[in-house]
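What follows is one structure encoded as C-alpha cells, with my remarks underneath.
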Amino acid sequence: MNIEDLQQLCTSFPHTTEDIKWGNDLCFCIAEKMFCVAGLNQSPTSASFKVTPEEFDELTARNGIVPAPYVARYKWVLVEDIRTLSSKEWQYYINQSYALVSEKLSPKIKKQLGLKA
C-alpha cells in the first residue's frame, strides 16, 4: 500500500471529498466528517481512521499502530507506516471507518446524500 493506493481506495466511496488540512494532512471526508487522514511529506507515510471499540484495543496492541493523537477517545488509530497493513486489511478498515462515520451523520444530511437514514 502506498499513498496513491490509499487515495484511490478512499475516493472510491460515494460522496467522498478530499482536502489538505493543517498543512500536511490529506483528509478524506463524507459530508465534511473525516473517515481517514493520511500524513503527507513524511516517511514513512502514516494514516489514521476510525474503528470499533473492540478493534481499537486489538489494533493498538500491534506494533506500529497506536491510539491516534487528539482523537483516540473517539476510537481512531494511527498506523505509523501504511505498509504495516495489507491491502485487504486497508479495504476492510477504510470501508468500516466510512460506514462508522456515515452512520453518525444527521438524518437531514443522509437524506441529502441519498443514504439510508
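For segment 41-65: of the residues being hydroxyl-bearing (Ser, Thr, Tyr) and in a loop (DSSP other than H, G, I, E, B), which is surrounded by the fewest Cβ atoms within 10 Å (Cβ to Cβ)?
At the first step, the residues of segment 41-65 found to be hydroxyl-bearing (Ser, Thr, Tyr) are 43, 45-46, 48, 52, 60.
If we keep only those that are in a loop (DSSP other than H, G, I, E, B) as well, we get 43, 45-46, 52.
On the way: 43: 7, 45: 19, 46: 20, 52: 13.
Filtering segment 41-65 for residues that are hydroxyl-bearing (Ser, Thr, Tyr) and in a loop (DSSP other than H, G, I, E, B), the one surrounded by the fewest Cβ atoms within 10 Å (Cβ to Cβ) comes out as 43.
Of everything in segment 66-82 that's touching a residue at least 12 places away in the same chain (Cβ under 8 Å) and among the charged types (D, E, K, R), which residue is surrounded by the most Cβ atoms within 10 Å (Cβ to Cβ)?
75
Can you find, within segment 5-23, the residue that is farthest from the chain's Cα centre (by Cα) among those that are over 23 Å from residue 85 (Cα atoms) and in a loop (DSSP other than H, G, I, E, B)?
Checking each candidate, the answer is 23.
Which condition number in (1) at pLDDT 95 or above; (2) under 22 Å from residue 105 (Cβ atoms); (3) surrounded by fewer than 19 Cβ atoms within 10 Å (Cβ to Cβ) is the one that residue 35 fails?
(3)
Of the conditions (1) assigned to a helix (DSSP H, G or I); (2) out of contact with any Leu (no Cβ under 7 Å at 6 or more places or on another chain), residue 90 fails just one. Which one is it?
Answer for residue 90: the failing condition is (2).
Residues in segment 89-99: is at least one open to solvent by 50 Å² or more (accessible area, probe 1.4 Å) and of a type in the set (Phe, Trp, Tyr)?
yes
Across segment 13-31, which residue is nearest to residue 96 (Cα to Cα) among those that are open to solvent by 20 Å² or more (accessible area, probe 1.4 Å) and touching a helix residue (DSSP H, G or I) at 6+ places or on another chain (Cβ under 9 Å)?
13
Output the residues belonging to segment 75-91 that are over 13 Å from residue 36 (Cα atoms) and out of contact with any helix residue (DSSP H, G or I) (no Cβ under 8 Å at 6 or more places or on another chain). Break it down stepwise before answering.
Narrowing segment 75-91 to residues over 13 Å from residue 36 (Cα atoms): 80-81, 83-89.
Matches in segment 75-91: 80, 81, 83, 84, 86, 88, 89.
Name the pairs: first residue in segment 85-111 and over 22 Å from residue 7 (Cα atoms), second residue of a type in the set (Ser, Thr, Tyr) and in a helix (DSSP H, G or I), Cβ to Cβ under 9 Å, at least 6 apart or on different chains?
Filtered contacts from segment 85-111: 110/102.
The values are calculated or read from the model by the stated rules, or taken from the named source; none is laboratory data. Since we're looking at a predicted model, the values are computed, not measured. Ideal geometry is used to build each Cβ from the backbone, glycine not excepted, and the neighbour counts take in all protein chains shown. When the accessible area is computed, the model is the full protein with side chains, heavy atoms only, and any ligands, DNA or RNA have been set aside. Shrake-Rupley method; radii C 1.70, N 1.55, O 1.52, S 1.80 Å.
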